[in-house]
Amino acid sequence: MKITFLGHAGFLLEGETTILVDPFITGNPVATVKPEDLSADLILVSHGHGDHLGDAVTIAKNCGATIVSVFEIANYCSQQGVQAHPMHIGGSNHFGPVKVKLTPAWHGSGLPADDGKMQYMGNPCGFIFTLDGKTIYHSGDTGLFGDMELIGRLHPIDLALLPIGDNFTMGPEDALEAVKLIKPNIVIPMHYNTWPLIAQDPQEFKKDVEKETPAHVVILQPGESYEL
């Protein structure tokens, strides 16, 4: 399986099925691709903020992908004319060879509406999914919470994609604690260095994680890939 970091919280995973997660490309200052360069079978959207829903609808229209998210986001995407599958936290579903389960995430979810108010987009979530025999956990935007231990115990995680940017999500210290709870084999940090407000040193995070846990940290620059 090939995992490509798209910048911010976006990833492209290519295996027996191609999965995009939170494809924020347009307006992303660190993006190295264009929306028209991306194609997938499934697009997972963790919550309804512009830097995560991003270009999901545009890409789905271009390639015919199915958007998978919480009910409110799936309904919103369906109204934009794309195929979407609604789920909610704790639920799982098979999409061909891929099983997707939604997990809690402590964050917010809303988009600016035409009247200038905020449109509610449901609960934010994370995702556990299996691909090529590997189990991946994309936490979405979240703070640290104790039930991460339960996530890791029920679903042994091969790869965890965790935010470290602080301010809007976990910072490096809390992300380290998340690794201790989840116990993944490999961690790829995300949601950092997109803007100065969430600037972090991923090498420091890597050093601390590998000193205090058995996990291995892989640092990817936007556009770089890792073979799992």
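Among residues of segment 198-225 that are under 17 Å from Leu176 (Cβ atoms) and at pLDDT 95 or above, those with a Cβ under 6 angstrom from a residue that is exposed (fewer than 14 other Cβ atoms within 10 Å of the Cβ) and not basic (Lys, Arg), sequence gap 6+ or separate chain, pair up as Ile198/Asn167. Of the residues making up segment 1-28, those that are out of contact with any His (no Cβ under 9 Å at 6 or more places or on another chain) and surrounded by fewer than 22 Cβ atoms within 10 Å (Cβ to Cβ) number 11. Once segment 103-117 is narrowed to residues that are assigned to a strand (DSSP E or B), surrounded by 13 or more Cβ atoms within 10 Å (Cβ to Cβ) and not β-branched (Val, Ile, Thr), the residue that is modelled with the highest pLDDT is Pro104.
For Met190, indicate whether it is closer than 28 Å to Thr17 by Cβ, over 15 Å from the mean Cα position of the chain (by Cα) and not acidic (Asp, Glu). Spelling it out, it is not the case that Met190 is closer than 28 Å to Thr17 by Cβ, over 15 Å from the mean Cα position of the chain (by Cα) and not acidic (Asp, Glu). Lys180 satisfies every condition listed in (1) of a type in the set (Lys, Arg); (2) surrounded by 16 or more Cβ atoms within 10 Å (Cβ to Cβ); (3) in contact with an Asp or Glu (Cβ under 8 Å, 6 or more places away or on another chain) except (2).
For segment 100-122, the tally of residues that are over 25 Å from Lys180 (Cα atoms) and either within 16 Å of the chain's Cα centre (by Cα) or of a type outside the set (Gly, Ala, Ser) (or both) stands at 10.
Reported count of residues in segment 52-80, each being touching a residue at least 24 places away in the same chain (Cβ under 8 Å), on the phi > 0 side of the Ramachandran plot and surrounded by fewer than 19 Cβ atoms within 10 Å (Cβ to Cβ), is 0.
Contact map, segment 100-114: first residue under 11 Å from His47 (Cβ atoms), second residue of a type in the set (Asp, Glu), Cβ cut-off under 8 Å, separation 6 or more or different chains; pairs are Ala105/Asp141; His107/Asp141; Ser109/Glu72.
Taking first residues from segment 158-171 that are of a type in the set (S, T, N, Q) and partners that are modelled with pLDDT of 95 or more and surrounded by 23 or more Cβ atoms within 10 Å (Cβ to Cβ), the Cβ contacts under 7 Å between residues at least 6 apart in sequence or on separate chains come to Thr169/Asp141; Thr169/Thr142; Thr169/Pro163; Thr169/His191.
Given the structure, is Ser139 surrounded by fewer than 17 Cβ atoms within 10 Å (Cβ to Cβ), under 19 Å from Leu44 (Cβ atoms), of a type in the set (Gly, Ala, Ser) and modelled with pLDDT of 95 or more?
So Ser139 fails the test.
Considering only segment 180-204, state which residues are in contact with a Leu (Cβ under 7 Å, 6 or more places away or on another chain) and closer than 21 Å to Gly7 by Cα. Across segment 180-204, the qualifying residues are Ile186, Val187, Ile188, Pro189, Met190.
For segment 149-175, what are the residues that are outside any loop (DSSP other than H, G, I, E, B) and more than 18 Å from His191 (Cα to Cα)? Across segment 149-175, the qualifying residues are Glu149, Leu150, Ile151, Gly152, Arg153, Leu154.
The values are calculated or read from the model by the stated rules, or taken from the named source; none is laboratory data. Quantities reported herein were computed from a predicted structural model and do not represent experimental measurements. Because the Cβ atoms are built from the backbone with ideal geometry, glycine has one as well, and the counts that use them run over all protein chains shown.
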